[in-house]
Amino acid sequence: MILKEVLQARWKVLIFAFLALVASAGNIVKFFYARYLQASGSAVAPIFQEMVHDPLVKDYPAFAWNHWFATNGPLVVILFAAVLGGGLIAEEARRGTIFFLLSKPISRTRLLLTKYAVSAGLLLAVSVMSSLVLALAGLTLGQPLAVLPLLLATGLLWLVALVPLGLALFFSILFSDALRPVVFSLLVMTAMLLLPFILPSGELWSLGRSWQEQQASLMGGFPLLASLICLIAALVPLLAAQLVFRKKAY
C-alpha cells in the first residue's frame, strides 16, 4: 500500500520537487549576483538597488533563513501539501478504488494514517532536499550552515506543511473531487494565518509568526512555542479527518 501511494503521487512529487529546487536555487543565484554587484563597485540598475543593499547579503546563513525558510519555502510546501492531501481519499472515491481499500482487513483509522504518513514522508523528503541544496551552496561560499539550526528549520518547515496536508485530507473525505479539497484547505489555511491578527495579541500565536521563528534557531535557540503551535494546528484537522472517515458511507 505504501508503494502504491508513492507511485500515485510521483508526478506531484517530481513537479513540486522541481519547484522547490528552482526556488532555493533562485535564492542562491540572487545571493551570488548581489555579492558580485557589491564587489564590482559599478553602477547598479534601479531594479537591483534593493537587492544590493540587502544587509543579509554579507551573511549567507541569515540570507538563506530569511529568503527560503521564512518566505519561499513555506509557500512551496503549503501548496504541495494541499495538492498531495486533496486527492488522498477523493481520488479513491472518484475511481471507485475506495471499495477495494475498505474491503482489506485493516481498520479505517490505519488506512487513513498510512495514506497521511506517506504524504508526510514525501513532504519531508522535498523539505530535506531543498535544505541540502542550501547547505551545499553554503559550503561552496565558505559560509557553511550549522547542522543543528538547519535541522531545526527544516523540521519546522515540515510541521508547517502538515497543517494544509491535514486540512486537505479532511476535505478530501467530504468531497469526491480533488480540486475542492485543495481550494478549501488553502482558504482555511489563509484564514488561520490572518485571523490571529484580528484578535488581541493573536499575532503571538499565528502560524505565520511561527514559521518565521526560525530566526531563533538561527541564533542557536530551540523554537519551542513555534513548534507546539504548528504541531497542534497539524493534529486538529488530522483528528477531525479520522472522525469523519470512520462514519463516512461509501
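We did not get these values from a lab; they are worked out from the coordinates using the rules stated. Here the structure is a predicted model, which is why all the values come from computation and not from measurement. Cβ: placed from backbone, ideal geometry, glycine included. Neighbour counts: every protein chain shown.
Computed values, structure above
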item: Simple label model, 7 Å out from Cα along Cβ direction - LEU139 to ALA125, nm; result: 2.2 nm
item: Listed residue pairs exceeding 31 Å between alpha carbons, taken from LYS12/LYS58; LYS12/LYS104; LYS4/LYS248; result: LYS12/LYS58
item: Cut-off 18 Å (backbone N to label point 7 Å along Cα→Cβ of ARG246), residues of the stretch 73-114; result: 102, 106-114
item: LEU132-VAL236 FRET efficiency (beta carbon distance; Förster radius 35 Å; 0.05 resolution); result: 0.70
item: Percent RCO, i.e. relative contact order, over the stretch 140-193, from Cα pairs under 8 Å lying at least 6 residues apart; result: 27 percent
item: Theoretical FRET efficiency, 1/(1+(r/R0)^6), r = Cβ-Cβ of ILE106 and VAL22, R0 51 Å, to 0.05; result: 0.85
item: Largest-first principal axis extents of the Cα set of the stretch 52-119 (Å); result: 61, 21, 11
item: Residues LEU225 and LYS4, FRET efficiency given R0 of 51 Å [Cβ-Cβ distance, rounded to 0.05]; result: 0.85
